[in-house]
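In what follows, a structure is listed as structure tokens, so that the remarks can point back to it.
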Amino acid sequence: MELATLVSCTAARVGPDDVLTLEGEAVAALAPACTAVVARVGRRGGLFELLATLLAGRPRGVLVLGDAERRSTTAAWLDDGAIAGARADTPLGRADAFTAAFVARHGDAPPPVAALEPARVFVLETVVEAFDACDHAGATLLWLEGHATWLAEAVPASARVDASAVLLEAARRRDELGSLQRSVARRPAVLVPLSPPGERPSAAPTAVTDDDGDDGAWDFFDDPDPAALAEWADARHVFACCDGAADLDEVVARAMLGRFRALQAIATLLRCGHVVVTPLATDVGTSDTAATDTRATPGASDEAASAPQDDALRLAELLDDVLPRDV
């Protein structure tokens, strides 16, 4: 079968001069000796197992993933098993565009840890999202090995991420995201900053038991490893996005770290007492106008007096869901 015909079964296409395109954008130049592997994900998934086998040999080539609905299409360049470039069909699906937007929002100061380097954030979050989005029936995988030259933007060596480590991270997030969202993002709420976190926590975070029985213990003080240091850097980064008016989803979007990392950082800030949550006005259910009308109504004084108590109870219930019992 001709290469162009084989590739046409996936999210990519082969254009003139044997150029591989993704949604019309050139991503790689293919030589006649290039080897292509195409796979389609079945009803029970299985993409992670296939990727684990593919990545075990630390390969060099171009990986293209697309979901069944063509809402998520991503290409990645692997060099000696590390992701050295990525392109996604999104407004910020290019490393240079994402980096420019990240710097415009957060400044161009050197990141405190490598995990917050904008290009590295782009590579990790883009590929993790692609792995997760395409592990469903009908998604396709295209692997091009051999004489394939990456034409899209390559990221600096410092921003490269080991592809096998990205796969493990995607699996970890899949396991933990549900309980994280239930404990942190259960209801619409505004994040109110209390005190800025320092370079290291000033007090050990208090264990919080979530719905899955995890005590939330975070080993930071005894012997902090690079992962713990990176999590704390994420927490400091997300705290800077809290202004007391933005709700949780707005803070997540401002952080530009992906939903999982932002929620994980918010959970850390809550445990360490650097932020609290307050319900949105629509959650409280009592507007200033309604309060004024109630006070003007004969015989409604008891109802008006109880309204603040009801609001306080709602707030207490919300805080009880996300804060340690002894805070």
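Any read-out appearing in this document is the output of simple, stated calculations on the displayed coordinates, not a laboratory observation. As the structure is a prediction and not an experimental result, all values here were calculated from the model. Here the Cβ positions follow ideal geometry from the backbone for every residue, glycine too, while neighbour counts run over all protein chains shown.
For the reader, a short list of remarks on this structure follows.
- Residues considered: L20, L55. Of these, the only one that is surrounded by 14 or more Cβ atoms within 10 Å (Cβ to Cβ) and within 25 Å of the chain's Cα centre (by Cα) is L55.
- Any hit, the stretch 183-193, residues being of a type outside the set (D, E, K, R), in contact with a Gly (Cβ under 9 Å, 6 or more places away or on another chain), surrounded by fewer than 17 Cβ atoms within 10 Å (Cβ to Cβ) and farther than 29 Å from V27 by Cα: yes
- If you go through the stretch 80-136 and pick out every residue that is outside any loop (DSSP other than H, G, I, E, B), within 29 Å of V41 (Cβ to Cβ) and over 17 Å from the mean Cα position of the chain (by Cα), you end up with 5.
- R43 vs. criteria out of contact with any strand residue (DSSP E or B) (no Cβ under 9 Å at 6 or more places or on another chain), under 17 Å from L141 (Cβ atoms), surrounded by fewer than 18 Cβ atoms within 10 Å (Cβ to Cβ) and in contact (Cβ under 8 Å) with a residue 60 or more places away in the chain: yes
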